[in-house]
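Data block below; observations after.
The values are calculated or read from the model by the stated rules, or taken from the named source; none is laboratory data. Only a predicted model underlies this, so the values are computations on that prediction, with no experimental measurement involved. Here the Cβ positions follow ideal geometry from the backbone for every residue, glycine too, while neighbour counts run over all protein chains shown.
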Amino acid sequence: MEMPVPDPTILARKDQIVRRLQAVLPAEAVAHDQAETKVYECDALTAYRCPPLAVVLPTSTDEVAAILKICFEEDVPVVPRGSGTSLAGGALPTADSVVLGVARLNQVLETDYDNRFIRVQSGRTNLSVTGAVQEQGFFYAPDPSSQLACAIAGNIAMNSGGAHCLKYGVTTNNLLGVRMVMMDGTIVDVGGAHLDAAGLDLLGLICGSEGQLGVVTEATLRILRQPEGARPVLMGFDTNEAAGACVSDIIKAGVLPVAIEFMDRPCIRATEAFAHAGYPDVEALLIVEVEGSDAEIAFQLDKIIAIAKAHDPAEIRESKSADESARIWAGRKAAFGAMGQINDYMCLDGTIPVSQLPFVLTRIRELSGQYGLDVGNVFHAGDGNMHPLILFDANKPGDLEKCEAMGADILRLCVEVGGCLTGEHGVGVEKRDLMFDQYSQDDIAAQLAIKDVFDPSWLLNPAKVFPLRSTESRRQGRLAAE
Amino acid sequence: MMKISDENGLAEAIAASAGSLRITGGGTRALGNPVDGDDLSVAGLTGISLYEPGALTLVAKAGTPVDEIEALLASEGQRLAFEPMDHRGLSKHQGTPTIGGVVAANVSGPRRIAVGACRDFLLGVRFVDGMGRVLKNGGRVMKNVTGYDLVKLMAGSFGSLGVISEVSLKVLPEPETRAVLLIEGLDDARAIAALSAALSAPYDVTGAAHIVAGLDGAPVTMIRLEGFEASVKYRAERLRDELSGFGAGQIEADPVKTAAGWAWLRDLEAFHGKAGDVWRISVKPSDGPSVGARLQPFGAEVIYDWGGGLVWALVPEGTDVRQAVAGIAGHARIERAAAETRLRFGAFPSTGVVLDKVAADLRHKFDPRGILNPGIMG
């Protein structure tokens, strides 16, 4: 994968840039020697690494503003970083960039139960937002798999989802406001504790902009009352078609589960070998979770099971207790880890119309045969967000490239059937070069023009999201000169 | 008046336009600042091109009547969950509301407090910018983070960035039944406290409003529950018991009456046929009563929706509501007023020097000639 050639004039000015950063930050908040910056050389897309010029770890919005102002004046690219859990390389540095990590911005600033929001600094982890309000019976709904580690800043940058967004939506549906620092150091508040935008929906635009429009330092998040209870049912099917049709019928019947998770046979087998969750050996498995009081849960599960029975299920296991629920979820939650035990893997994130599920799974199996790489599928079936896991051997020359080529084919397939390249992970560097498969030249031009407004000198996370050739003139500052 | 029948025609008309364009769908809403320009209507761009009930997805051309979409959804037991308001009673404009108009104005209703606004259900858009380029963003799937989210940006942009030609929406099942818990006689502060308690309970409240002067003139607080029959009954009773400290609640489960009651609220029927300006004020719910109190000296008639966070105010013509509520965080928009009043105060508030400039710069990128609904948002 190609990254821009580092700007030699920036590398030559390293000492001066570091000195200026040290002048506005405590000594321990600036890292610049190789031993210290190495930790920041990659995120969760570990195949690609590059230590940055320096790393800064501010503890306030004012410090972030001071850092950005300096980088703006010095013309140095800035790579914002939450917890570094991006699977898309959203926080991958270049050698001439300053990594701005928000991990130390982790305080809760305000909790307001009457108005059902919490205001936090953006480096706070996703799960600890819920942790701050759960004693009062509340939770923060978006729940990406990495929620123990991932930061709200990264969630906002990628508009993260999770298993429960069928009912509760993704980050953008749960974000009320942000405090953001623009590249020139200007601090702005967008939105707040009230609903809807006063003018253009800039909050909606900022969410999911992958750290390219500004650095979010504070977020006002909607919190919800926890349901009285939740329980899943596990259902096995002999064909992907039957499982796919069952998902569609559940949705059509007016039941809205909080989660519908899907695993195919390769993934079930890997998970069994690793987590021993006791899953049946079937072609396709669904985990459907509903919420409410005991009686409401029983009513909904009865309805779901009745629908499933029309599709000739091989197995139905309804959870009757917290312990059984945990066992049903154990395998699903261990799925990525289980696949990782077998081999290195690449996790894709395309979304497809639910009706295309059986066709796409068949095509993925064909591609798997063609490339000679195994694929397991585990995904959020209710909203069509797939996570094919392609297994490869990082130590085998050419295997990573083969895996990437196959991944690209699968994502193109998602687009062909009416879906998209990424449902919740973001484009980052990983899917950058596929953008023209989904968008026209004009569509991309319109998006680049938005960055031109927020960051005219193209310094914020500049080598991400768009194919490098489409942004080259801007990154080289010609835009400013024109 | 330029009539458009397809997207290419729309692109050509915009590219060829020598002057400003006043863009309309059904022309029923009359929101924003007055716009000078040739009328460009997308009402001729009609048709539902895709509806997959099992995927909760519908795609329609911008001029498609909202009624037509809702009728098709109803035939499959589904609906537009964000409950778009029908402005005709308020605006006194005739015409047929279109889905493009709903999206362009990000029109939502009482259920916005529970499920989100129109923008939260918008999965994709196609639109033509001020240079006549046909652009798309998003798609027809429920999760999509590929590139910038222009879908949200277009929702509520009132035609000032581009003219929407097609929208893709997430739809939801129509619940089996509904019930409304009614508590009478509460003052504003107590009512909003009751609504907060209801919205903070684990019972999936899908409507939370307070009518200061109900049909019989007395205040009534309304809390809506929807779902399967047994579940609705259970939750309504639990909520009535948990809120008993606010007063004896009545549970109304008649489907016709409850539907009419929420449509009455959604469309602001209480203000129909009355003179005066109508303002829409969005604040955090606990600030709602302060907004009401500040407007009382002006003789305002007030309705609280969204748990108190949306204040609808009917005030004498020319009242400067924005000035009256200054200092309370949120925003105030003119929903109905004479052209000169909208020009004087601005239908939309300023969002501050920096963000106003960002918005102006964005408009300039999409519409360098400044011909699309110029000035409609300020």
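None of A:ILE67, A:ILE118 is in a strand (DSSP E or B) and either within 23 Å of the chain's Cα centre (by Cα) or not assigned by TED's automatic domain parsing to the domain that holds A:CYS150 (or both) except A:ILE118. For the stretch A:445-481, a residue qualifies if it is more than 10 Å from every other protein chain (Cβ to nearest Cβ), small (Gly, Ala, Ser) and more than 29 Å from A:MET346 (Cβ to Cβ), and the qualifying residues are A:SER457, A:SER473, A:GLY477, A:ALA480, A:ALA481. Across the stretch A:131-151, the number of residues qualifying as in a helix (DSSP H, G or I) and either free of Cβ contacts under 8 Å to residues at least 40 places away in the same chain or closer than 22 Å to A:GLY350 by Cα (or both) comes to 4. For the stretch A:191-219, what are the residues that are facing chain B (nearest Cβ under 7 Å) and either without any contact (Cβ under 8 Å) to a residue 24 or more places away in the chain or in a strand (DSSP E or B) (or both)? Result: A:HIS194, A:LEU195, A:ASP196, A:ALA197, A:ALA198, A:GLY199, A:LEU200, A:ASP201, A:LEU202. When you check A:ILE390 against the structure, is it within 14 Å of chain B (Cβ to nearest Cβ) and buried (at least 22 other Cβ atoms within 10 Å of the Cβ), yes or no? No, not satisfied.
Of the residues B:SER168, B:SER231, B:SER244, B:SER196, the single one that is over 16 Å from B:TRP306 (Cβ atoms), among the polar types (S, T, N, Q) and in contact (Cβ under 8 Å) with a residue 60 or more places away in the chain is B:SER168.
The residue that is farthest from A:ASN385 (Cα to Cα), counting only those in the stretch A:417-444 that are at the interface with another protein chain (Cβ under 8 Å from one of its Cβ atoms) and part of a helix (DSSP H, G or I), is A:ASP442. The residues of the stretch A:170-189 that are facing another protein chain (nearest Cβ under 7 Å) and buried (at least 24 other Cβ atoms within 10 Å of the Cβ), listed by number, are A:VAL170, A:THR172. For the stretch A:389-402, the set of residues classified as in contact with a Phe, Trp or Tyr (Cβ under 8 Å, 6 or more places away or on another chain) and not aromatic (Phe, Trp, Tyr) consists of A:LEU389, A:ILE390, A:LEU391, A:ASP399, A:LEU400, A:LYS402, listed by residue number. Checking the stretch A:374-386 against the condition returns no match, with no residue being more than 21 Å from the chain's Cα centre (by Cα), assigned by TED's automatic domain parsing to the domain that holds A:ARG265, on the phi < 0 side of the Ramachandran plot and surrounded by 21 or more Cβ atoms within 10 Å (Cβ to Cβ).
Note on the stretch A:311-416: enclosed helices (runs of 4 or more DSSP H) holding 2 or more residues that are under 28 Å from B:TYR51 (Cα atoms) and in contact (Cβ under 8 Å) with a residue 60 or more places away in the chain are A:357-371, A:399-416. Exactly one residue among B:GLY139, B:GLY124, B:GLY147, B:GLY159 is under 21 Å from the mean Cα position of the chain (by Cα) and closer than 19 Å to A:CYS414 by Cβ, and that residue is B:GLY124. All conditions but one from (1) without any contact (Cβ under 8 Å) to a residue 40 or more places away in the chain; (2) within 14 Å of chain A (Cβ to nearest Cβ); (3) in contact with a helix residue (DSSP H, G or I) (Cβ under 9 Å, 6 or more places away or on another chain) apply to B:ALA360; the one that does not is (3). Annotation note: Cβ proximity below 9 Å between a residue of the stretch B:308-327 that is within 14 Å of another protein chain (Cβ to nearest Cβ) and a residue that is assigned to a helix (DSSP H, G or I) and of a type in the set (S, T, N, Q) (sequence gap 6+ or interchain) occurs for B:GLY308/B:SER196; B:GLY308/B:SER286; B:GLY309/B:SER286; B:VAL325/B:SER290. The set of residues in the stretch A:358-381 being touching a helix residue (DSSP H, G or I) at 6+ places or on another chain (Cβ under 8 Å) and under 18 Å from A:VAL415 (Cα atoms) consists of A:PRO358, A:VAL360, A:LEU361, A:THR362, A:ARG363, A:ILE364, A:LEU367, A:ASN377, A:HIS380, A:ALA381.
With respect to (1) out of contact with any Leu (no Cβ under 8 Å at 6 or more places or on another chain); (2) closer than 14 Å to A:ALA230 by Cα; (3) crowded, with 23+ Cβ neighbours inside 10 Å, the lone exception for A:ILE287 is condition (1). Filtered by the rule that a residue be under 23 Å from A:GLY376 (Cβ atoms), more than 32 Å from the chain's Cα centre (by Cα) and not small (Gly, Ala, Ser), the stretch A:282-314 gives A:HIS311, A:PRO313.
For every residue, the table says whether it meets (1) of a type outside the set (D, E, K, R); (2) closer than 30 Å to A:LYS464 by Cβ.
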position	(1), (2)
B:MET142	yes, yes
B:LEU150	yes, yes
B:SER160	yes, yes
B:LEU172	yes, no
B:PRO175	yes, no
B:ARG178	no, no
